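Notes follow the structure.
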């Protein structure tokens with residue numbers, strides 16, 4: 001089996017390394033940075049291709065000889081790359097968090113006979129798979145609530161935050177409108193709204209904020225209440241609100257000595273020096289999923305908790321583990337022919353298949369990414 005991974009960033013390289021541990025899978029990783037590729041090829045059982053993945057024609061030429069494509073690219077090229085892969089007739093598992101509606105490519109994927117799993121990370125991703133699984137068990141789900149965050153272990157002044165993603169992706173999440181479902185109706189709120197403090201035994205008090213993380217769930221799941229909230233250190237959010245209030249995250253161009261610049265792009269460039277993880281930095285991923293619904297006239301609550309930490313042996317960030325290993329678990333499902341539906345496949349549709357859910361959860365368990373399930377009768 002031959003797999004190509006597009007993107008060699010924090011998460012793409014973890015996906016490639018994990019798949020390459022299976023001698024039956026030949027893995028090639030593609031990136032524009034030759035230095036990064038050389039290091040990966042030298043240290044791991046990988047092939048490397050240096051290419052500009054922003055060009056659709058390059059994509060089609062690269063993927064033609066592979067059985068499966070994994071996309072781990074920045075949001076601003078994610079959609080057009082996914083479209084190019086589908087047009088090439090290749091099955092794909094995608095973790096790119098692009099703003100376009102992936103479901104708009106469903107007809108194309110069906111026409112090409114392609115299975116294209118999108119949003120296949122941790123949240124969205126494993127959280128959706130869990131929801132789909134519980135939906136297959138209960139007669140009716142009444143509510144879905146997901147709290148999730150990836151944070152550095154050491155809280156450093158100034159921002160109490162670090163991220164494996166480019167700062168611009170995080171900043172845009174902080175300013176875009178948030179959608180959730182309440183009383184079976186779509187509600188739109190500002191980002192960073194409706195905050196509350198929640199105490200977690202492992203890390204203490206974290207603040208929850210609305211962010212636009214439901215994505216495909218809004219269209220695929222008929223549930224009266226659905227909301228995802230991001231977890232951060234409280235001080236971080238106060239500083240982000242200050243930047244927003246002062247205009248540092250505005251997207252309209254301003255003129256500075258005859259040059260046009262978007263404040264958010266300027267801010268993202270400055271924050272790159274503060275937010276990027278350095279060698280030896282440790283992080284954790286924390287998530288709590290609460291699903292309530294009816295089964296045989298009984299009201300039940302399913303709770304799933306995860307607290308995952310930096311892998312000090314393999315030197316892998318937790319957010320890369322929880323995102324990347326969910327992706328590779330699903331990639332294995334597709335490679336093994338255990339899911340053959342074509343079209344755009346959000347993770348919640350995978351979870352409705354019990355055997356797929358259990359394979360993904362077991363795959364994660366073997367990598368010490370552990371979900372604790374609790375079921376209560378209310």
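Return the residues of the range 176-222 that are touching a helix residue (DSSP H, G or I) at 6+ places or on another chain (Cβ under 8 Å), exposed (fewer than 14 other Cβ atoms within 10 Å of the Cβ) and either in contact (Cβ under 8 Å) with a residue 40 or more places away in the chain or outside any strand (DSSP E or B) (or both); say none if nothing qualifies.
Matches in the range 176-222: 219 only.
Filter the range 246-305 down to the residues that are in a loop (DSSP other than H, G, I, E, B), in contact (Cβ under 8 Å) with a residue 60 or more places away in the chain and within 22 Å of the chain's Cα centre (by Cα) and list them by number. Walk me through how you get there before you give the answer.
Let us first name the residues in the range 246-305 that are in a loop (DSSP other than H, G, I, E, B), namely 246-253, 257-258, 262, 276-282, 296-297.
If we keep only those that are in contact (Cβ under 8 Å) with a residue 60 or more places away in the chain as well, we get 249, 251, 276-277, 281-282, 296.
Correct list: 276, 277, 281, 282.
Go through the range 65-98 and give me each residue that's modelled with pLDDT of 95 or more, surrounded by fewer than 16 Cβ atoms within 10 Å (Cβ to Cβ) and farther than 21 Å from residue 24 by Cβ.
Hit for the range 65-98 is 89, nothing else.
Only one of these is surrounded by fewer than 15 Cβ atoms within 10 Å (Cβ to Cβ) and in contact with a helix residue (DSSP H, G or I) (Cβ under 9 Å, 6 or more places away or on another chain): 315, 358. Name it.
Working: 315 fails: in contact with a helix residue (DSSP H, G or I) (Cβ under 9 Å, 6 or more places away or on another chain).
Residue meeting the stated conditions: 358.
Go through the range 86-105 residue by residue and tally those that are under 22 Å from residue 360 (Cβ atoms) and over 12 Å from the mean Cα position of the chain (by Cα). If you could, list the steps in order and put the result at the bottom.
Our first condition is that a residue be under 22 Å from residue 360 (Cβ atoms); within the range 86-105, this holds for 90-97, 102-103.
The next check asks that each one be over 12 Å from the mean Cα position of the chain (by Cα); those that pass are 90-92, 102-103.
Qualifying residue count for the region: 5.
Given the options 137, 141, 129, name the one that is touching a helix residue (DSSP H, G or I) at 6+ places or on another chain (Cβ under 6 Å), at pLDDT 95 or above, closer than 29 Å to residue 303 by Cα and surrounded by fewer than 24 Cβ atoms within 10 Å (Cβ to Cβ).
141
Can you find a residue that is over 16 Å from residue 326 (Cβ atoms), loosely packed, with under 15 Cβ neighbours inside 10 Å, touching a strand residue (DSSP E or B) at 6+ places or on another chain (Cβ under 8 Å) and not assigned by TED's automatic domain parsing to the domain that holds residue 276 anywhere in the range 7-18?
no
Of all residues in the range 19-57 being surrounded by 18 or more Cβ atoms within 10 Å (Cβ to Cβ) and either under 22 Å from the mean Cα position of the chain (by Cα) or modelled with pLDDT under 95 (or both), which is nearest to residue 366 (Cα to Cα)?
It comes out as 19.
Pairs needed: first member in the range 108-123, more than 10 Å from residue 90 (Cβ to Cβ); second member anywhere, at pLDDT below 95 and part of a loop (DSSP other than H, G, I, E, B); C-beta distance under 7 Å; at least 6 residues apart or different chains.
123/213
Given the criterion touching a strand residue (DSSP E or B) at 6+ places or on another chain (Cβ under 8 Å) and within 17 Å of residue 114 (Cβ to Cβ), identify the matching residue among 62, 32.
62
State the number of residues belonging to the range 152-161 that are surrounded by fewer than 22 Cβ atoms within 10 Å (Cβ to Cβ) and either touching a helix residue (DSSP H, G or I) at 6+ places or on another chain (Cβ under 6 Å) or closer than 19 Å to residue 95 by Cβ (or both).
Summing the residues that are surrounded by fewer than 22 Cβ atoms within 10 Å (Cβ to Cβ) and either touching a helix residue (DSSP H, G or I) at 6+ places or on another chain (Cβ under 6 Å) or closer than 19 Å to residue 95 by Cβ (or both) in the range 152-161 gives 2.
Just checking, does the range 66-84 include any residue being closer than 19 Å to residue 319 by Cβ, touching a strand residue (DSSP E or B) at 6+ places or on another chain (Cβ under 7 Å) and in a strand (DSSP E or B)?
yes
Right, residue 230: within 18 Å of residue 290 (Cα to Cα), surrounded by 13 or more Cβ atoms within 10 Å (Cβ to Cβ) and in contact with a helix residue (DSSP H, G or I) (Cβ under 6 Å, 6 or more places away or on another chain) or not?
Values: within 18 Å of residue 290 (Cα to Cα): yes; surrounded by 13 or more Cβ atoms within 10 Å (Cβ to Cβ): yes; in contact with a helix residue (DSSP H, G or I) (Cβ under 6 Å, 6 or more places away or on another chain): no.
So residue 230 does not fit the description; no.
Of the residues 370, 349, which is assigned to a loop (DSSP other than H, G, I, E, B) and touching a helix residue (DSSP H, G or I) at 6+ places or on another chain (Cβ under 9 Å)? Explain how you work it out, then say what you get.
Details: 349 fails: assigned to a loop (DSSP other than H, G, I, E, B).
Of the residues listed, the single one that is assigned to a loop (DSSP other than H, G, I, E, B) and touching a helix residue (DSSP H, G or I) at 6+ places or on another chain (Cβ under 9 Å) is 370.
For residues in the range 325-351 being more than 23 Å from residue 108 (Cβ to Cβ) and touching a residue at least 24 places away in the same chain (Cβ under 8 Å), which is nearest to the chain's Cα centre (by Cα)? Can you show your working first?
Taking the range 325-351 and keeping what is more than 23 Å from residue 108 (Cβ to Cβ), we get 325-326, 328-329, 332, 336, 338, 351.
Narrowing further to those that are touching a residue at least 24 places away in the same chain (Cβ under 8 Å): 325-326, 328-329, 332, 351.
Values: 325: 11, 326: 9, 328: 13, 329: 14, 332: 18, 351: 16 Å.
That would be 326.
The values are calculated or read from the model by the stated rules, or taken from the named source; none is laboratory data. Given the structure is predicted, the values throughout are model-derived calculations rather than measurements. Neighbour counts run over all protein chains shown; Cβ positions are idealised from the backbone, glycine included.
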